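The values are calculated or read from the model by the stated rules, or taken from the named source; none is laboratory data. In this text the structure is predicted, and so the values were computed from the model without any measurement. Cβ atoms come from the backbone with ideal geometry, glycine included; neighbour counts cover every protein chain shown. The protein model used for the area step is the full one, side chains on, heavy atoms only, and it has no ligands, DNA or RNA in it. Shrake-Rupley method; radii C 1.70, N 1.55, O 1.52, S 1.80 Å.
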Amino acid sequence: MEATCHCKAVRLTIKQKPEFLLSCNCSICNRYGALWTYSTPDQIKVECSGNETKAYKHGDETIAFHHCENCGCVTHWIGTDKYPEPRMAINARLFDRSDIEGIKIRKFDGADTWSFIDE
Ligand SMILES: [Zn+2]
């Protein structure tokens, strides 16, 4: 499956259709309004034409959130060397709507309990 930012400068590909998408309420995901699909970096390919993506790190800097410098879309995050395991996620909002239709969205309480809060 392929996801692109709005200007199509950044293209992300994953091999498998996600089993679920994750909606997190932490201070940053809440602001981005992103829906994440998680994987390991070897399962995700990121290609940029033109400028590279720009990374944003905060707090303990375990995660780098990337966005397209041109159109501003939040494209993915990748665990830094401070993250306990190789981890990466694509912003599933960048897939075509029809590609993610019907995939279950799980709510994650990243703000407080760091656990799923599915109804
Ligand atoms: Zn773009």
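For residue 24, the shell of other residues with beta-carbons less than 9 Å away shows a net charge of 0, using +1 for Lys and Arg and -1 for Asp and Glu. Estimated from helical segments only, the mean residue ellipticity of the chain at 222 nm is -1500 deg cm²/dmol, where each DSSP H run of four or more residues counts as -39500 (n - 2.57). Spatially close Lys pairs in the chain, defined by Cα atoms under 18 Å apart and a spacing of eight or more places or different chains, total 7. Could you tell me the center-to-center distance, by alpha carbons, between the range 65-119 and the range 16-64 in angstrom? So the separation of the two Cα centres works out to 4 Å. At a Cβ-Cβ separation cutoff of 4.7 angstrom, cysteine residues of the chain with no neighbouring cysteine are 26, 48. Taking 0.36 nm per residue of separation and subtracting the Cα-Cα distance, full extension of the segment from residue 60 to residue 31 would add 8.6 nm. Hydrodynamic estimate: the Kirkwood radius of the range 2-116 over Cα pairs, inserted into Stokes-Einstein at 20 °C and 1.002 mPa s, corresponds to D of 149 µm²/s.
Taking all protein chains into account, the per residue accessible area for the chain stands at 62 Å² (1.4 Å probe).
At a 1.4 Å probe, what is the % contribution of carbon and sulfur to the accessible area of the chain?
Here carbon and sulfur together make up 45 percent of the probe-accessible area.
Taking a sphere under 10 Å around the Cβ of residue 107 and counting the other residues whose Cβ falls inside, with K and R at +1 and D and E at -1, yields a net charge of -2. Lys and Arg at +1, Asp and Glu at -1: add these up for the other residues within a Cβ distance under 15 Å of residue 50 and post the number. Net charge around residue 50: 0.
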